[in-house]
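A short worksheet on the structure shown next.
The values are calculated or read from the model by the stated rules, or taken from the named source; none is laboratory data. Everything quoted here is computed from the prediction, not taken from an experiment. Don't worry about glycine lacking a Cβ; one is built from the backbone with ideal geometry, like all the others, and counts go over all protein chains shown. Each accessible area value is taken on the protein alone, full model and side chains, heavy atoms only, with ligands, DNA and RNA left out. Shrake-Rupley method; radii C 1.70, N 1.55, O 1.52, S 1.80 Å.
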Amino acid sequence: MNEKKKFAIVTLGCKLNYAESASMAREYLKKGYRQTTPSAKADVYIINTCSVTEHADKKSRQAIRKVLRQNPDAYVVVTGCSAQLRPKVLGQMEGVGALLGTGYRDRVVDVTEQGQKGTVLLGPCHADGRFFPAYSAVGNRKDRTRAFLKVQDGCDYRCTYCTVPLARGKSRNISIHEVVKQAEEIAASGVKEIVLTGVNTGDFGKTTGETFLELLEALSGVSGIARYRVSSVEPNLLTEEIIRFIAETENFLPHFHLPLQSGSVEILKKMRRRYHPQLFKERIRYIRSLLPYAFIGVDVIAGFPGETEEDFFQTYNLLKEVSPSFLHVFPFSLRPGTRAAELPVSERIKDNVITERTNQLSQLSDVLYTLFMQANKGRKEEVLFEGRASGGKMHGYTRNYIRVERPYDEAKINTIEKILL
Ligand code: SF4
């Protein structure tokens, strides 16, 4: 028994990584370890890395060096997408105890218990349908109102700028029955809101012959969960049926996240995306026709190789026309191992042009968000109060994802209240 041993988890990247870190934490706690914060001295550190951009890889290496400065004798386990894609780089870092690919997160405690320096577990992360179930609700203060629930992993698409399929393998999922069981566990911990997450979430059902809509229908019946948010869904997978279900189901919130990436047919072809800009427009319009105040966040990439001024303005004007609530703007980042990296160098966009286009889209996002907020002024909305904010306040989010602050009242934390915006 080693209950005195302290562990800390450093998580980088997406909601999926946060859910998986929380599940790894639960395994250590079950074994009698005590959790501490990443900035404290611990016997074991787990670094759950991200590799979505060059910068994310760099931050992952910095996180490893930081914990080793805090305790050079600690046993350091490195896992996550950067471990899967950059094993040589991370494996050679001084002081790393174990390197686990994205298919081996369920082995973190075993490997820690063995404590062998230089342990490496790598391989195709979807081998024999391997799926690491995960959700982030361990009952501590931060996680007690909203939980991320992983319903799907991996991706079978081959977007030319993306390394995620290389890091997380083929699209796969656990059964609806198992997801519902986890949602019930989350409800039992007192959490009221669940965010459904995955890599290509809308592709749920690939390995069980079920559908994403069937999953949503089953989850809507779990008692105790008052709110579901669905994270990013590919436009071609966000069917009108799913939009209608969300619009007609009380505990599914009017909050959508759609990756557009480009509004130019030519660039979408080069990206190997699976929809036409027209379909994207129709999806936004259909959402607005059923849910006029829905929050719609859109991902867009600036400066993909070969993007002309004309292509860029097709994207810009499309977004102005459909007027989503917010843009997540990503300057194009060349990733080794992707098809985009093989495109002729002559097609690459100059850094200053990428920066200029990124700024233009960010400014457009500010305008769109202001319009969204103004449209909601004077409306009544339900808020789930989550926790302390600065200045003696508490904060929470409306159903359509507007952040609200009110004077702090402990009794109102994790309660839902109708307020006037
Ligand atoms: S859908 Fe495309 S961008 Fe999204 S994870 Fe799959 S390959 Fe990457």
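What the table shows:
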{"read-out": "Residue list for segment 74-106, filter: outside any strand (DSSP E or B) and within 21 Å of Phe131 (Cβ to Cβ)", "value": "Cys81, Ser82, Ala83, Gln84, Leu85, Gly101, Thr102, Gly103, Tyr104, Arg105, Asp106"}
{"read-out": "Residue within segment 148-160 that is away from the ligand (no atom under 16 Å from the Cβ), over 24 Å from Gly337 (Cβ atoms) and under 18 Å from the mean Cα position of the chain (by Cα) present", "value": "yes"}
{"read-out": "Segment 337-349, residues that are among the hydrophobic types (A, V, I, L, M, F, W, C), part of a helix (DSSP H, G or I) and surrounded by fewer than 18 Cβ atoms within 10 Å (Cβ to Cβ)", "value": "Ala341, Val345"}
{"read-out": "Among the candidates Leu290, Leu327, residue that is open to solvent by less than 50 Å² (accessible area, probe 1.4 Å), under 24 Å from Arg379 (Cβ atoms), free of Cβ contacts under 8 Å to residues at least 60 places away in the same chain and not β-branched (Val, Ile, Thr)", "value": "Leu327"}
{"read-out": "Any chance Pro87 is assigned by TED's automatic domain parsing to the domain that holds Tyr33 and under 24 Å from the mean Cα position of the chain (by Cα)", "value": "yes"}
{"read-out": "Subset of segment 166-202 [within 12 Å of the ligand (Cβ to nearest atom) and open to solvent by less than 20 Å² (accessible area, probe 1.4 Å)]", "value": "Ala167, Arg168, Gly169, Ser171, Gly198, Asn200, Thr201, Gly202"}
{"read-out": "Complete set of residues in segment 21-53 that are hydroxyl-bearing (Ser, Thr, Tyr), out of contact with any helix residue (DSSP H, G or I) (no Cβ under 7 Å at 6 or more places or on another chain) and either in a helix (DSSP H, G or I) or free of Cβ contacts under 8 Å to residues at least 12 places away in the same chain (or both)", "value": "Ser21, Ser23"}
{"read-out": "Yes/no for Leu364 being open to solvent by 30 Å² or more (accessible area, probe 1.4 Å) and hydrophobic (A, V, I, L, M, F, W, C)", "value": "no"}
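Quick grid of which residues meet (1) open to solvent by 40 Å² or more (accessible area, probe 1.4 Å); (2) in contact with a Leu (Cβ under 9 Å, 6 or more places away or on another chain); (3) over 18 Å from Thr315 (Cβ atoms):
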position	(1), (2), (3)
Asp351	yes, no, yes
Asn359	yes, no, no
Leu368	no, yes, no
Gln374	yes, no, yes
Glu386	no, no, yes
Gly392	yes, no, yes
Tyr401	yes, yes, yes
Glu410	yes, no, yes
